[in-house]
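This report concerns only the one structure given below.
The values are calculated or read from the model by the stated rules, or taken from the named source; none is laboratory data. This structure is a prediction, so every number in the text was calculated from the model and none was measured. With ideal geometry, Cβ positions are generated from the backbone for all residues, glycine too; neighbour counts draw on all protein chains shown. To get the accessible areas, we keep the full protein, side chains included, count just its heavy atoms, and leave off ligands, DNA and RNA. Shrake-Rupley method; radii C 1.70, N 1.55, O 1.52, S 1.80 Å.
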Amino acid sequence: EKSCTDVEAGSAADAYALLDERDDIDLVLLDVMMPQVSGVEAARHIKAMPRAGYLPIIMLTALSEQTDRNAALQAGADDFITKPFDKKELQLRVDSFLRLRGQDAIIRRQRDDLQKVIDLKDDLFGLLVHDLRNPLTSVIAMLALLRDEEPSSDLHDDAAMGLVAARRVGGVLDDILQLIALEAGQMQMM
């Protein structure tokens, strides 16, 4: 289990700098009443900062008006606690948001891993289709030639059946290519 370290910023600008410098900050506690920049504006700025993953913000304030709560939530705050607050409740809420952040990290890793598998599958299918199409074209041409040169022999029937099967394989390869193009967004479904 990861140990917690508290990092304190004296102003919104200090908080922005810390968030720019460090990627190990897992949660932000903001007071609505801050010098120079309100906590609501700071929350809006923090949520707009480029950052990988979910960064929860809990707002603390002595203000109890619903409009203040709404403004904080609209700015991107994930939770809002009115002062005076119970320390145990704050800790429980922090723990809850840290679990959510952990789940977000797991989901992002799984999504990235899945994308790698999808990319490998697409590369493999592309390679297989390409490597099979060229010899298949030659096989189809040879079977058509055999079928047409021996119209009344057993070879004609065998070549005709082989030609049907080879064209079916060619159709499957075409379908795979279309699926790859659809998944890549290079083609629209009709």
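Using just the Cα positions, wrap the range 7-92 in a convex hull and report its mean projected area in square nanometres, one decimal place.
Averaged projected area of the range 7-92's Cα convex hull equals 5.6 nm².
Using amide H atoms built in the peptide plane, which far-off residues or other-chain residues are under 5 Å from Asp31 H to H?
Hits under the 5 Å cutoff: Leu60.
Of the candidates Ser138, Ser11, Ser38, which one comes out as most mobile in a Gaussian network treatment of the chain with C-alpha springs shorter than 10 Å?
Ser138
Accessible area per residue of the range 27-81 at 1.4 Å probe, in Å²?
With the other protein chains kept in place, the range 27-81 gives 50 Å² per residue.
As an exercise, use a Förster radius of 22 Å and the Cβ-Cβ distance of Ala9 and Lys47 to find the FRET efficiency, rounded to the nearest 0.05.
Numbers: r = 16 Å, r/R0 = 0.73.
Given R0 = 22 Å and the Cβ-Cβ separation, E is 0.85.
If you roll a 1.4 angstrom probe over the protein chains with everything in place, what fraction of the accessible area of the chain belongs to carbon and sulfur, to the nearest %?
57
Over all pairs of distinct alpha carbons, what does the Kirkwood formula give as the hydrodynamic radius of the range 98-190, in Å?
Result for the range 98-190, one decimal place: 16.5 Å.
Using a Förster distance of 45 Å, how high is the FRET efficiency between Asp157 and Ala181, based on the Cβ-Cβ distance and rounded to 0.05?
Numbers: r = 36 Å, r/R0 = 0.81.
Approximately 0.80, to the nearest 0.05.
I'm checking a number: the convex hull volume of the Cα atoms of the range 48-113, normalised per residue, in Å³. What is it? Display every interim value, and only then the final one.
Values: hull volume 5.5 nm³, N = 66.
Once divided by residue count, the hull of the range 48-113 is 84 Å³.
If DNA, RNA and ligands are ignored and the probe is 1.4 Å, what is the ranking of Ile107, Ile81 by accessible area, most exposed first?
Values: Ile107 105, Ile81 10 Å².
Sorted descending by solvent-accessible area, the residues read Ile107, Ile81.
Given a 1.4 Å probe and the protein chains all in place, what does the accessible area of His45 round to, in Å² to the nearest 10?
That residue has around 80 Å² of solvent-accessible surface.
Taking the inverse of the average 1/r across all pairs of different Cα atoms in the chain, what Kirkwood radius in Å do you get?
22.2
Just flag the trypsin sites (Lys or Arg not before Pro) in the range 16-91 sitting in loop per DSSP whose Cβ has no more than 11 other Cβ atoms within 10 Å.
Listed in order of number, the matching sites are Arg22.
What helices in the chain pass both tests, a Cα length along the helix axis of 24 Å or more and a mean Kyte hydropathy of 0.0 or higher, using whole DSSP H runs?
Working: long enough: 87-149 (91 Å, -0.23); 154-183 (44 Å, 0.58).
Length and hydropathy pass: 154-183.
How far is it, in nm, from the label point at Val117 to the one at Leu136 when both lie 7 Å from their Cα along the line to the Cβ?
Roughly 2.6 nm, to one decimal.
When the chain is treated as a GNM, springs tying every alpha-carbon pair under 10 Å, which of Glu41, Glu89, Glu150 comes out with the largest mean-square fluctuation?
Result: Glu150 has the largest fluctuation of those listed.
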